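Structure first, then comments.
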Amino acid sequence: MKNIYTTFVLALTLCVSLNAQTVFTSNFETSSANTSEDLIDWYGLKTSLESDSINIITSGSMFGLNAVQLVNTENSHKRFTSNSITLDSTESYLVEMWVKGEGEIRTNYYSNEYGQYNDYVVFSETDWTKIEQTISPEQFSDTAELIISVRNTVGMDHMMIDSVALAVVGGTPTSIKEQLLKNINFYPNPANHTLTLNLEANSTVLVYDLMGKVVLQEVVAKGTQNIDISSISNGLYTLSVKSENGTTLNNKFKVVK
């Protein structure tokens, strides 16, 4: 059953140090039609998979509304890349994603040039399983792309991916955010008139449209809070929560009325 109850970073289970900075998160949401070209965060310039080998999966996702299926039955790898992100040569980054299916998968980055690919992880799993790899850019770029590389995919699922997260590793990862953030969540998704948030700290809640414009902003106290979104039109938005302890969490959600 699709998990509609979405948690901000727990939904991505970002296992990094408590001071880590999240650079990129994606639950493979689309702006309108469920096609690969319509993905908001993906289909970067370095993508080499054909569009018919990238399929949006709208049921059975690990978190959120969608997952993505990557098909490459060949022994030579093909790339699925994010849209532009900023990577700094002074940082290392932890990549996390949930994967199931059968095939081989690895990660890399493009930052003015291709980095060193991580080793392939060989998969043959019918259940969602989290994998982690680290990338270390050699130069700064604000037009970098996160690369997911796949090959030898087979079976009904081929290689399915959900809930990708990229975060700065600020030293050795020593603690898991799940315990800290397990009660920071919102529902429903999709929503129509009200969003309910459970917050562990006083926070500023912002909603951005696809153009990056703030369409709603409220300062709310910790605990369970209802946010009135009746003035917001149908569409896809980014929900951002900035807590008083300095943590900023983001997640996509849809408004359907």
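Here, each number is a calculation from the coordinates, and none is a lab measurement. Treat the numbers as computed from the prediction; the structure is a model and nothing was measured. Here the Cβ is made from the backbone with ideal geometry for all residues, glycine too, and neighbour counts use every protein chain on show.
Just a few scattered comments:
- Count Lys and Arg as plus one, Asp and Glu as minus one, and take only other residues whose Cβ is under 15 Å from that of THR90; the net charge is then -4.
- Derived scalar couplings ³J(HN,Hα) [segment 219-231; Karplus, 6.51 cos²θ - 1.76 cosθ + 1.60; whole Hz; x for Gly, Pro]: 9, 10, 7, 5, x, 8, 10, 9, 10, 7, 10, 5, 7
- Ranked for footprinting exposure by Cβ neighbours inside 10 Å, fewest first, TYR110, TYR187, TYR93, TYR43 give TYR187, TYR43, TYR110, TYR93.
- Listed cross-link partners LYS78/LYS100; LYS222/LYS242; LYS213/LYS242; LYS213/LYS252; LYS222/LYS254 are compared with a 22 Å cut-off, the Cα-Cα value being larger for LYS222/LYS254.
- Förster radius 41 Å - calculated FRET efficiency between ASP228 and THR126 (Cβ-Cβ, nearest 0.05): 0.50
- Summing Lys and Arg as +1 and Asp and Glu as -1 over all other residues whose Cβ lies under 12 Å from the Cβ of ASN118 gives a net charge of -2.
- Peptides ranked, highest mean first, by Cβ atoms within 10 Å: ranges 144-157, 46-59, 117-130: 144-157, 46-59, 117-130
- 13 Å beta-carbon shell around GLU102, net charge (K/R +1, D/E -1): -2
- Taking the fewest neighbouring Cβ atoms within 10 Å as the starting point, the ordered list for PHE140, PHE63, PHE80 is PHE140, PHE63, PHE80.
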